[in-house]
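Input: a single structure, listed below in structure tokens.
The values are calculated or read from the model by the stated rules, or taken from the named source; none is laboratory data. Just so it is clear, the model here is predicted, and its values are computed rather than measured. When we count neighbours, we look across all protein chains shown, and the Cβ atoms used for this are built from the backbone with ideal geometry, even at glycine.
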Amino acid sequence: MECPKCRFENPHGMKFCGRCGNKLEAVCPRRGFRNPPRFKFCESAAQTSRHPMGTDTDEARVHFKESIDAFEKLKAENHLALAYAGYGPFCKQQGRFEEAMGYLTRALKILDRLGTLIEPDKIRQDLSGLPKG
């Protein structure tokens with residue numbers, strides 16, 4: 001679960017952020033209701049139907065982060081670059097443009113160094129679509 005205060009990615013089930021100590025709460029994406037970290041369904045008193053707490057974007061973020069961590073530890077540079085290249089557009093989609101630029105730039109640097117032919121052009125195109133500044 002990502003800390004809303006410092007954006008540190010904490011393991012599932014944590015009650016407080018491992019970096020800043022902020023209390024972690026799952027926020028319902030539909031209603032804004034705060035649930036304990038382990039809740040998988042929103043149970044706000046104002047609603048009559050249950051719906052899943054986790055969103056596809058939450059799950060995708062966790063999978064990207066886990067993949068990136070694993071590839072970094074393994075020093076699997078090509079796979080790491082491709083994970084960066086995938087996470088960049090994901091961040092852009094979430095409106096996190098600076099983070100997107102960082103991941104895409106890291107991917108491009110690795111792929112250029114490895115001499116990869118096609119992917120760098122795709123990444124340059126993604127980078128050109130980001131707002132400047």
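So here's what we get for this one:
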| quantity | calculated |
| --- | --- |
| Hits in the stretch 86-106 - residues which are part of a helix (DSSP H, G or I) and among the polar types (S, T, N, Q) | 93, 105 |
| Residue 22 vs. criteria over 30 Å from residue 118 (Cα atoms), surrounded by 13 or more Cβ atoms within 10 Å (Cβ to Cβ), modelled with pLDDT of 65 or more and among the polar types (S, T, N, Q) | yes |
| Test: residue in the stretch 101-121 that is outside the structural domain of residue 1 (by TED's automatic domain parsing), in contact with a Phe, Trp or Tyr (Cβ under 6 Å, 6 or more places away or on another chain) and touching a residue at least 24 places away in the same chain (Cβ under 8 Å) | yes |
| Selected residue (only one of 16, 71 is modelled with pLDDT of 90 or more, among the aromatic types (Phe, Trp, Tyr) and either surrounded by fewer than 17 Cβ atoms within 10 Å (Cβ to Cβ) or at negative phi (or both)) | 71 |
| Residue list for the stretch 98-124, filter: exposed (fewer than 15 other Cβ atoms within 10 Å of the Cβ) and within 15 Å of the chain's Cα centre (by Cα) | 98 |
| Considering residues of the stretch 1-13 that are at pLDDT 75 or above and hydrophobic (A, V, I, L, M, F, W, C) only, the residue surrounded by the most Cβ atoms within 10 Å (Cβ to Cβ) | 3 |
